[in-house]
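Student: One structure coming up, written as structure tokens, with questions to follow.
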């Protein structure tokens with residue numbers, strides 16, 4: 001699809017460009033002819049050649065030819081006057097100076113009349129450069145000014161916007177608007193991130209204050225009845241609490257907040273691409289983006305041991321289960337970027353596996369890959385695969401994790417989450433795998449759902465394997481526990497987005513429900529960090545790790561789901577309870593109001609690694625836990641739900657099943 005379009009544009013260039021280049025040549029030649037007498041008047045007024053007619057008839061073409069010879073190497077005829085910039089001005093200066101020197105040298109070699117002023121070549125160069133540059137600068141200013149080529153009526157319908165950020169993003173945003181024939185936005189002021197910028201201007205637009213003064217600035221603009229229609233964030237540095245304050249101030253005045261496009265998409269060179277190829281088309285319009293809910297998490301970037309990750313993964317055979325899911329897919333992306341010798345992607349869902357395999361083929365074509373359709377519960381199939389692939393690292397993200405769905409079919413959850421984890425771990429250990437990393441969940445702490453209890457059972461088995469490995473050698477088994485990731489399959493954020501697209505209402509189970517949230521990229525980065533620490537023998541290993549301790553990601557503060565719903569409505573430019581309703585539906589089976597990251601008997605232990613905590617170990621014998629998982633799996637295969645759940649409750653005594661959804 002790309003090639004025909006390029007051919008079409010090439011055809012347009014073939015029809016239009018030569019005519020415009022010839023027109024540029026003609027205009028520059030006329031300016032060169034005009035610059036010569038002007039320079040002679042400036043150099044020596046009244047000192048004209050004794051025989052002017054023959055002299056001028058030869059000198060004027062000579063001046064034009066001198067400029068042509070000097071201008072071709074710097075591509076002077078190909079300049080686009082409307083978009084003249086600093087490189088074009090430098091090219092004009094070079095062409096003018098070289099052209100004047102060529103003309104002076106020609107006069108000297110031909111023995112023609114010489115001006116009495118020895119500074120004539122320099123004066124000629126300055127005059128020529130001024131005449132060449134003036135129309136280009138005038139053209140640039142004409143097209144850049146509001147109402148220039150577009151007409152004054154173009155700015156009357158433009159929405160007034162207040163920019164936040166006084167750096168390159170603001171400069172490019174304003175320049176991007178200037179390129180449009182009919183801009184949709186009109187900048188009426190700027191808020192900077194630093195106080196020392198206040199009072200200055202960017203391309204004529206005043207910096208009214210700092211982002212922290214947003215409330216005062218908006219109040220003042222409201223008094224003057226010139227509130228902006230939009231607040232546009234032109235910098236990525238407004239996040240977290242600062243973004244919360246800005247959104248609250250904007251909400252009080254009913255002003256929506258949007259993000260400017262990325263700097264690369266605002267780059268005038270990129271935005272003019274189609275305009276250059278087909279000048280009859282208008283410049284690409286500036287499209288604003290909604291503020292992402294992820295921007296409100298306000299978690300500082302945790303420094304990660306990238307060298308350690310590369311040391312762990314580079315050149316090794318890696319297998320990711322559940323590679324088609326949110327966590328598994330991001331694990332596959334980050335692992336592929338670290339250069340494994342082979343990356344195996346395992347998933348039970350055909351389309352999800354196809355998508356991640358296609359993405360990695362495009363992003364990392366040099367990484368050897370294999371996409372495997374398999375069920376982690378199929379012990380014979382998994383053992384054969386592991387014997388064939390012989391992975392050195394396994395990231396086990398495959399799971400059934402949607403609480404109400406697992407409550408509907410608890411036996412499936414038990415077989416996938418508990419038995420499937422044991423099958424993968426045993427197969428990995430049998431082929432001499434260096435380390436297996438198990439992805440757990442906060443729902444495994446004091447579980448009220450089958451999903452959470454099954455993951456706790458899987459934690460227990462992995463913890464016992466880790467304790468054995470630390471005592472007698474063998475495969476390390478690293479367990480990492482964390483809460484929800486924003487935007488994951490089946491999570492609340494995509495649900496709210498779909499409900500918003502339909503006009504609402506947004507459904508929240510309970511007004512007091514809270515959850516921990518983290519971006520998927522941040523979570524997976526910390527998972528890899530924990531993998532480096534857990535898979536290596538280190539002097540600085542966290543306390544409790546050798547006894548089967550669980551890495552717990554620092555998730556920050558829990559977020560009320562109803563507050564998340566209100567914020568998403570506001571980010572969409574709407575008002576909660578007025579434009580979009582919020583409806584409380586009651587707790588669903590298996591749910592609880594507050595998720596926890598630590599059990600009462602496994603208090604958190606800090607580590608020297610930022611973003612990672614350690615849960616005090618609660619372990620059991622590997623053989624006993626393995627036998628219990630087999631018994632639960634046998635009951636599940638027999639369809640005996642009561643027996644399977646009874647066995648699960650004996651193994652996980654803190655399991656308080658909220659089967660009806662009315663518990664807290």
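The values are calculated or read from the model by the stated rules, or taken from the named source; none is laboratory data. Because the structure is predicted, anything quoted here is derived from the model rather than measured. Neighbour counts run over all protein chains shown; Cβ positions are idealised from the backbone, glycine included.
Student: For the list (1) in contact with a strand residue (DSSP E or B) (Cβ under 6 Å, 6 or more places away or on another chain); (2) within 25 Å of residue 521 (Cα to Cα); (3) in a loop (DSSP other than H, G, I, E, B), I need the number of the one condition that residue 496 fails.
Tutor: With (1) in contact with a strand residue (DSSP E or B) (Cβ under 6 Å, 6 or more places away or on another chain); (2) within 25 Å of residue 521 (Cα to Cα); (3) in a loop (DSSP other than H, G, I, E, B) applied to residue 496, the lone miss is (3).
Student: Something else about it: I need the full set of residues from the range 183-212 which are over 20 Å from residue 246 (Cβ atoms) and touching a residue at least 60 places away in the same chain (Cβ under 8 Å), in order please.
Tutor: 183, 184
Student: Here is a further query. Of the residues 177, 163, which single one is under 26 Å from residue 571 (Cα atoms), in contact with a helix residue (DSSP H, G or I) (Cβ under 6 Å, 6 or more places away or on another chain), in contact (Cβ under 8 Å) with a residue 24 or more places away in the chain and not in a loop (DSSP other than H, G, I, E, B)?
Tutor: None of the other options fit; the residue is 163.
Student: Looking at (1) touching a helix residue (DSSP H, G or I) at 6+ places or on another chain (Cβ under 8 Å); (2) at pLDDT 85 or above, find the lone condition where residue 73 falls short.
Tutor: Checking residue 73 against (1) touching a helix residue (DSSP H, G or I) at 6+ places or on another chain (Cβ under 8 Å); (2) at pLDDT 85 or above, the one that fails is (1).
Student: Also: For residues in the range 541-565 being farther than 30 Å from residue 501 by Cα and in a strand (DSSP E or B), which is farthest from the chain's Cα centre (by Cα)?
Tutor: We begin by selecting, within the range 541-565, every residue farther than 30 Å from residue 501 by Cα; these are 541-554.
Filter once more, keeping what is in a strand (DSSP E or B): 550-553.
Numbers: 550: 30, 551: 27, 552: 25, 553: 22 Å.
Only one residue tops the list, namely 550.
Student: What single numbered condition from (1) out of contact with any strand residue (DSSP E or B) (no Cβ under 8 Å at 6 or more places or on another chain); (2) modelled with pLDDT under 95; (3) closer than 22 Å to residue 446 by Cα fails to hold for residue 609?
Tutor: (3)
Student: Of all residues in the range 465-479, which are over 19 Å from residue 414 (Cα atoms) and in contact with a helix residue (DSSP H, G or I) (Cβ under 7 Å, 6 or more places away or on another chain)?
Tutor: Residues satisfying the conditions are 465, 467, 468, 470, 474, 475, 476, 477, 478.
Student: I'm trying to understand the selection: among the residues of the range 228-254, which are free of Cβ contacts under 8 Å to residues at least 40 places away in the same chain and either surrounded by 19 or more Cβ atoms within 10 Å (Cβ to Cβ) or over 22 Å from residue 293 (Cβ atoms) (or both)?
Tutor: If the condition is that a residue be free of Cβ contacts under 8 Å to residues at least 40 places away in the same chain and either surrounded by 19 or more Cβ atoms within 10 Å (Cβ to Cβ) or over 22 Å from residue 293 (Cβ atoms) (or both), then 249, 250 are the ones that fit.
Student: Could you list, in sequence order, all residues of the range 50-70 that are over 20 Å from residue 125 (Cα atoms) and at pLDDT 75 or above?
Tutor: The one that is over 20 Å from residue 125 (Cα atoms) and at pLDDT 75 or above: 57.
Student: Taking the range 346-382 only, how many residues are within 22 Å of the chain's Cα centre (by Cα), farther than 17 Å from residue 327 by Cα and in contact (Cβ under 8 Å) with a residue 12 or more places away in the chain?
Tutor: 2
Student: Scan the range 583-617 for residues that are surrounded by fewer than 19 Cβ atoms within 10 Å (Cβ to Cβ) and either within 31 Å of the chain's Cα centre (by Cα) or part of a strand (DSSP E or B) (or both) and jot them down.
Tutor: Listed by number, the residues that qualify are 583, 584, 594, 596, 604, 605, 606, 608, 610.
Student: So residue 304 ticks every box in (1) farther than 21 Å from residue 416 by Cβ; (2) touching a strand residue (DSSP E or B) at 6+ places or on another chain (Cβ under 9 Å) but one. Which box is left unticked?
Tutor: Of the numbered conditions (1) farther than 21 Å from residue 416 by Cβ; (2) touching a strand residue (DSSP E or B) at 6+ places or on another chain (Cβ under 9 Å), the odd one out for residue 304 is (2).
Student: Is it true that residue 620 is within 43 Å of the chain's Cα centre (by Cα) and either assigned to a loop (DSSP other than H, G, I, E, B) or surrounded by fewer than 17 Cβ atoms within 10 Å (Cβ to Cβ) (or both)?
Tutor: yes
Student: Which one is surrounded by the fewest Cβ atoms within 10 Å (Cβ to Cβ), of the residues in the range 180-191 that are part of a strand (DSSP E or B) and touching a helix residue (DSSP H, G or I) at 6+ places or on another chain (Cβ under 7 Å)? Let's see the steps before the verdict.
Tutor: Taking the range 180-191 as the starting set, the residues that turn out to be part of a strand (DSSP E or B) are 185-191.
Now drop any that are not touching a helix residue (DSSP H, G or I) at 6+ places or on another chain (Cβ under 7 Å), which leaves 185-187, 190-191.
Details: 185: 25, 186: 18, 187: 24, 190: 28, 191: 28.
Among those residues, the one meeting the criterion is 186.
Student: Still on this structure, please answer the following. Tell me, which residue of the range 315-345 that is without any contact (Cβ under 8 Å) to a residue 60 or more places away in the chain and at positive phi is surrounded by the most Cβ atoms within 10 Å (Cβ to Cβ)?
Tutor: 339
Student: Identify the residue in the range 108-125 that is buried (at least 17 other Cβ atoms within 10 Å of the Cβ) and touching a residue at least 24 places away in the same chain (Cβ under 8 Å) and, among all such residues, is nearest to residue 81 (Cα to Cα).
Tutor: Filtering first and then ranking leaves 125.
Yes/no matrix, rows are residues, columns are (1) out of contact with any helix residue (DSSP H, G or I) (no Cβ under 7 Å at 6 or more places or on another chain); (2) surrounded by 22 or more Cβ atoms within 10 Å (Cβ to Cβ); (3) within 30 Å of residue 660 (Cβ to Cβ):
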| position | (1), (2), (3) |
| --- | --- |
| 382 | no, yes, no |
| 389 | yes, no, no |
| 399 | no, yes, yes |
| 403 | no, yes, yes |
| 414 | no, yes, yes |
| 433 | yes, yes, no |
| 443 | no, yes, yes |
| 450 | no, yes, yes |
| 454 | no, yes, yes |
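Student: Same structure, new question: Whether any residue in the range 29-49 is in the same structural domain as residue 100 (by TED's automatic domain parsing), modelled with pLDDT of 85 or more, exposed (fewer than 15 other Cβ atoms within 10 Å of the Cβ) and not in a helix (DSSP H, G or I) is what I want to check.
Tutor: no
Student: Among the listed residues 242, 236, 249, identify the single one that is assigned to a helix (DSSP H, G or I) and out of contact with any helix residue (DSSP H, G or I) (no Cβ under 6 Å at 6 or more places or on another chain).
Tutor: Among 242, 236, 249, only 242 is assigned to a helix (DSSP H, G or I) and out of contact with any helix residue (DSSP H, G or I) (no Cβ under 6 Å at 6 or more places or on another chain).
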